[in-house]
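Q: One structure follows; several queries about it will come next.
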Amino acid sequence: MKTVFYILLMMASGTLMAQRPAADNIKTAKGDLIIQPINHATLAFTWEGKTIYADPTGGKAFEGIAAPDLILVTDIHGDHFSAETLVAISSDKTIIVVPQAVFDKLPETLKSKAVVLSNDQTITKLNISITAIPMYNLPEAANAPMHTKGRGNGYVLTFGNKLIYLSGDTAGIPEMRALKNIDIAFVCMNLPYTMDVNEAASAVLDFKPKIVYPYHYRGQNGWSDTKAFKKLVNDGNKNIEVRLRDWYGK
């Protein structure tokens with residue numbers, strides 16, 4: 001069932017390019033950061049003349065966006081990792097940051113471009129600090145969870161003086177709740193793969209990002225209620241800006 005869901009999602013992504021949300025502009029100490037939501041878990045950043053893709057799937061979704069200088073992949077599942085897409089969009093200059101489980105599935109032609117980052121490790125590429133944050137389901141001891149601790153990475157990225165958090169596929173884990181000084185967060189919410197709206201809002205209220213985008217919110221039974229998420233967050237903390245964007249061309 002899950003495989004079918006991913007296939008349908010990737011088939012749809014190629015038709016959504018013209019309907020993707022408008023880009024957002026964030027001021028940083030080293031120039032503007034352009035944030036381009038694309039689809040589901042996929043987005044692009046532009047900063048200091050460099051283009052960064054997160055979880056790229058479906059090559060047509062990037063039409064009109066510059067080729068990537070840096071690619072981040074969070075996990076092995078098909079809505080985050082597409083070897084075919086990575087081959088199509090990569091150039092000789094592209095750096096690909098991945099967890100070990102993704103590296104093991106890369107074609108040999110891409111492994112020379114890849115840098116493996118494990119949970120809690122930090123590297124700097126293209127003047128961007130990249131820290132891998134755990135992402136996993138709770139309870140951690142459940143039989144065959146879809147996302148086991150240590151396999152995938154969320155990421156905290158530093159663009160100048162701004163900290164950006166990409167949750168990847170995760171529950172409202174202690175490592176997320178303990179984050180500090182996050183300026184912009186992208187937080188997943190889709191059952192049964194990650195967490196529900198209540199858990200996502202609770203986690204956000206704990207780590208208090210200045211801006212949060214609900215993303216990755218299409219689940220087995222349709223779309224999570226992002227308006228309810230916004231209400232829960234703002235009822236708890238009116239100073240957190242919740243940015244609702246249409247990631248699915250609905």
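The values are calculated or read from the model by the stated rules, or taken from the named source; none is laboratory data. Being a predicted model, the structure only gives us computed values, none of them experimental. FYI the Cβ positions are ideal-geometry reconstructions off the backbone, even for glycines, and counts take in every protein chain you see.
Q: Can you spot a residue in the stretch 120-131 that is touching a residue at least 60 places away in the same chain (Cβ under 8 Å) and closer than 16 Å to SER167 by Cβ?
A: Scanning the stretch 120-131, I find no residue that is touching a residue at least 60 places away in the same chain (Cβ under 8 Å) and closer than 16 Å to SER167 by Cβ, so the answer is no.
Q: Hey, among the residues in the stretch 190-213 that are touching a strand residue (DSSP E or B) at 6+ places or on another chain (Cβ under 6 Å) and not polar (S, T, N, Q), which one's nearest to MET146 (Cα to Cα)?
A: LEU191
Q: If you take the residues of the stretch 222-250 that are among the polar types (S, T, N, Q) and either in contact with a Cys (Cβ under 8 Å, 6 or more places away or on another chain) or in a loop (DSSP other than H, G, I, E, B) (or both), which of them is surrounded by the most Cβ atoms within 10 Å (Cβ to Cβ)?
A: Result: SER224.
Q: If you go through the stretch 62-97, how many residues are buried (at least 18 other Cβ atoms within 10 Å of the Cβ), in contact (Cβ under 8 Å) with a residue 40 or more places away in the chain and small (Gly, Ala, Ser)?
A: 1
Q: Looking at the stretch 82-89, is at least one residue assigned to a loop (DSSP other than H, G, I, E, B) and either closer than 15 Å to SER167 by Cα or of a type in the set (Val, Ile, Thr) (or both)?
A: no
Q: Can you give me the number of residues within the stretch 120-148 that are farther than 22 Å from GLY78 by Cβ, of a type outside the set (A, V, I, L, M) and either at pLDDT 95 or above or surrounded by 15 or more Cβ atoms within 10 Å (Cβ to Cβ) (or both)?
A: 8
Q: Outside any helix (DSSP H, G or I), in contact (Cβ under 8 Å) with a residue 40 or more places away in the chain, under 26 Å from LYS210 (Cα atoms) and hydroxyl-bearing (Ser, Thr, Tyr) - does that describe any residue in the stretch 168-189?
A: No: zero hits.
Q: Restricting attention to the stretch 98-109, report how many residues are within 27 Å of GLY49 (Cβ to Cβ) and surrounded by 18 or more Cβ atoms within 10 Å (Cβ to Cβ).
A: The total comes to 3.
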